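A quick write-up on the structure given underneath.
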Amino acid sequence: MKLGRHAAVPLSNSLSLADKRKMKYYDDENKKRKYLDACPYQYGQVVICKAYLGKNATMMEDREVSQSVYPEIDSVIRPRKTCLSVGNKSTDIDLTATCECSVRQCEWYVFDQDFVLPEYIIEYEYIKRLPSKSPFSSINGYLCENKDWKIPSTVATPDDPQLLFPDSDVLNMEPEIRARPRLVTLSEDILLKIGRASSLTSITTLNLHGNGLTKLKYIQSLKSLKRLIVSFNELTKLDDLAHMGIELIDASFNKIVSLDGMKGMSQLHHLDISWNRLQNTREELSMMRKHLPHLKTLNIVNNPWSKPVNLKLRVIGRLKSLTQLNGKMVGEDEATSALRVAAGSRISQLALSSHSRTDQHIPRSLKLCNGPQLIFTLSRLKPDKSSDHDSTWLSKLTTIVLEGQHITKLSNLEKVENLRWVSFNNNDLTKVEGLENCPKIEELSLENNCLAKLDGLTKLVNLTKLHLGNNHIVNLDTGVFNGLTQLTYLSLECNRITSLVGLQRLHNLIELYIGNNRIENIRELFYLKPLQYLVILDTYGNPIANEVDNYRLFIIYHLKTLRALDGRAIEASEGNIAKEMFGGRLTSDFIAEKLFHSNFAEVRELDLPSSSIKTVDLGPSDMFVNLRSVNLENNNLTSFSGLIHLVNVRVLCLNHNNIECILPRTKNKKGLAGDFCADSYSPILENLEVLHLGYNNIKEMSTLQLNRLPSLKALFLQGNEICKIDGMDGLHELRELVLDRNKIKGVSELSFINQWNLQELHLEENRLRDLSNLACLENLQRLYLGSNRIQDLGELEKIDNIVTLMELSLVNNAVSRRLLHRPLLIFRMPQLMIIDGIPVTDEERTKAEIYFAEQQQQYIQPTSNHTVEGTLPGIGHYKTTVPVKVTNVQLSSPPVWNGALLYDDSDNSRSRRRGGQRGEIGNASRNGMSTYQPIGQNQMYGYSVNNSSGNNNRNQYQYLQQMPQITQHTAEYMESLARLNNVRNNRR
């Protein structure tokens, strides 16, 4: 084939075949040169074409390639073998090497050039196996030796390894990119620098491409600006461009969500807002139609437009001056179709007349469609319009079905006041408006529109069914459902809803469809619990349905009125399984339901009494990081399991549960219950300070594992069945201990061995008889021992050395029946400030000191041979060596006994039958001789009665602290004690 001759277009599916002639040519030319080039054909270009071969045949080597030689043939084929047999000996390039695709390689010659369509031009480069030697690799040596230097051959050989990659270090260098400052804000100096002008008014073109601008400050100062490029920035609005005379704006690749700022730009001809975040089709088109009247070129591709299917026609119909849209010219057919769409976007009387009915009831049918569609399909009751000027027919309309009409706004519905069933499906509505005069609407269908908000439904108080599927609704908590009290059916499928807040006000709702939304948190379903009549629920297609374990059982458990979920009926067995799985569990979902939010980091107090909680599972410890107080009274907990992760809790109330221990016992390797693991006594709840475990039927303190609470300061164990105080060796910080209403009989030596910081101890309503082993509580300040069995005043001596004790209570003990313990305690423990709940006054202290001072003076031993015995009032001086028999004792005033009687247990019944202790006194005086002996000066004042007759002195009675004499001071003191007794009785 010769140039200039119309023969055929050569094509090939192999680059080696297509380039062989060029290789041969450059190789021959290279040999003629003085200096050889290792690869003279290293760079080249190739055209990629799309070809139609048509009817083809194999090429004949002895004939010319032309249409006349091959009549009725569209193209001829030359195989690879035939191509390589021509002229390969004159080149050093090996084209005979074969590969898997060699069989398919060939050349085509297409006779009709219209069958070949060029598409791409590709530039390529051959990579040499042995790179050329750099011509400058040895120049330095020749220059240093002052020798003549010749350009060496650039052909490298395998024997010269140092020249194989001479420029590799240069080729592997990282490209040096000059740092360009990224602008985040504008100033006048920056504008002058970028615009390369001396004044702002002289700038006509401004390029701000590829910065981080969020606003275009000072742009209004550019009065002569005609072209503005702000692509690849961070702009969200174009508010700073209003009323400017700009002709071209490129704002592509930003984050623009609205065009409201482009007002009054009548001179704008070209606008590129592609690759942004524009959604509201109606609002943006209305703005451009009003404020950009001369816009000719517009690019709006790659925006998340609502209803993008008919977007092109809507844009062309609104912008009359537009000649180019999205890089394509606007044709006449498109303009005509756009005008037709724009004409049907408003509701006219003609549309109402042809798409309405006047039925008063919905016909019965098995068709799966909404009420308006059913009436429009089955009914023939069309409105009767008497004349063109008659408008009364509008008030007779009850049903309107305008679907697929490209309606953008609801209008001309003011006179349709009796409307009851309406359907505007598959339109372009962005707002719910124009229905204010239609309060009788019972069913409204607005599916497959562009609704993002539900404003405009508040006056439809009779609405019972609402269809809002396939829209752009995100938020339901707008107050629109507050007035829809009659709503029983709600469809919100295929929207963008993330929360169900707001639906809790629809108390009469029966059916709810919220499938295919974006609900990720299962706790959102708690907002449906107030809906007592909810029977059917559809949540299929939400993330919760695919990602939450046991999601169906969770919903069945919490929404007990449901009968169908996600299109499946709820079986009774599912309800039982759900109850077993989720019943009695304290979980984060349970708390979110009670608190109506899931921001657990803000929760500081948790109060959940009487909630039938059996187990606790609150998840990781960082979820309730600020929780300080937990109240779980009156539940069914048996241990602290699940609560140990609340590491920051300081107050824990578990009264009226069934707590047996902090953590349940685990089995050892042999499987024997009761053996703990090696780390079973490791500290837990290290910040816990107050623990309430009252009324838990606890029998042994040692099994509670209290030693694992190192920071405990207050422990309440009232109302249990504890018999022994132990298991508190590790509670060194304990300040207050409450053990009221238990079965404690005594305190052992090891009970409070490590509680030296204890300040308050409650042991009321127990079975204590003695006060031993309390002396180790060296910092005790308050001690409550009421309602026990303490009888002997001598027991009070055992707490004399607790010098820090300020309050003591002994009410309802035998030792406190005559109030004689009060002056004794005041005298022996002067630091006491409150006794039996009554403060100690200074007057009491003075009288107690005077009283015991007089007693000490009366019992001082005289120097004569005779001793004075003043034990009983009115009895004179007796010799101690002479026993006196007393048969009867009459006292001028009632003696004050403390009730402390020591007697043998075998005579208890006889003592009670004869009037108790006082009866025994009379019997002792009548049956035998009583010997009175004085008690030493350092002992307690009183007397003893020894009965010498009868059975080895079995019956021995000892009465302590009887007043020996009634003096003036003691009489006054007795009156004050009587007053205190009356006060205490009144308080009871």
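The values are calculated or read from the model by the stated rules, or taken from the named source; none is laboratory data. Since the structure is predicted, the reported quantities are computational estimates derived from the model, not experimental observations. Neighbour counts run over all protein chains shown; Cβ positions are idealised from the backbone, glycine included. For accessibility, only protein heavy atoms count, side chains too; no ligands or nucleic acids. Shrake-Rupley method; radii C 1.70, N 1.55, O 1.52, S 1.80 Å.
Where the accessible area of the stretch 197-246 is counted over protein heavy atoms with a 1.4 Å probe, how much of it, in %, is carbon and sulfur? Of all accessible area on the stretch 197-246, carbon and sulfur atoms account for 50 percent. Cross-link pairs exceeding 26 Å between alpha carbons, from the set K226/K431; K255/K453; K237/K312: K226/K431. Ignoring solvent entirely, what values of log10 I(q)/I(0) come out of the Debye formula for the stretch 746-803 at 0.17, 0.19, 0.21, 0.26 Å⁻¹ when each Cα is a single scatterer? For the requested q values the scattering log ratios are -0.52, -0.66, -0.81, -1.25. Each 5 Å bin from zero holds the following percent of Cα-Cα pairs in the stretch 615-668: 5, 20, 27, 25, 15, 5, 2, 0. Protein heavy-atom surface of the stretch 292-401, 1.4 angstrom probe: 55% of the accessible area is carbon and sulfur, with nucleic acids and ligands not counted. Against the empirical curve 2.2 N^0.38 Å, the C-alpha radius of gyration of the stretch 188-344 lands at a ratio of 1.06.
Only lysines eight or more places from K396 in sequence, or on another chain, were considered; those with a Cα closer than 17 Å are K382, K385, K415, K440.
For the stretch 188-344, the residue among G210, L285, L228 whose Cα projects farthest onto the positive side of the dipole built from Cβ charges is L285. Other residues with beta-carbon under 9 Å from the beta-carbon of T464 carry, at +1 per Lys or Arg and -1 per Asp or Glu, a net charge of -1. Kirkwood hydrodynamic radius for the stretch 287-326: how many Å is it when counted over pairs of different Cα atoms? Every distinct Cα pair counted, the radius reaches 10.6 Å. Counting charges near R314 (Lys, Arg +1; Asp, Glu -1) among other residues having Cβ under 12 Å from its Cβ returns a value of +3. Restricting to Cα pairs below 8 Å that are 6+ residues apart, what does the relative contact order work out to for the stretch 188-344? Please round to a whole percent. Relative CO of the stretch 188-344 lands at 14 percent. Residue ranges 543-550, 805-812 sort as 805-812, 543-550 when ordered by packing (mean number of other C-beta atoms within 10 Å per residue, highest first).
For the stretch 785-860, the solvent-accessible area with a 1.4 angstrom probe is 42 square angstrom per residue. Computed over protein heavy atoms with a 1.4 Å probe, the accessible surface of the stretch 188-344 works out to 50 Å² per residue.
Looking at the stretch 313-403, none of the GluC sites (Glu not before Pro) sits in a DSSP loop with at most 11 other Cβ atoms within 10 Å of its own Cβ.
Secondary structure note: in the stretch 188-344, about 10% of the DSSP beta bridges are antiparallel.
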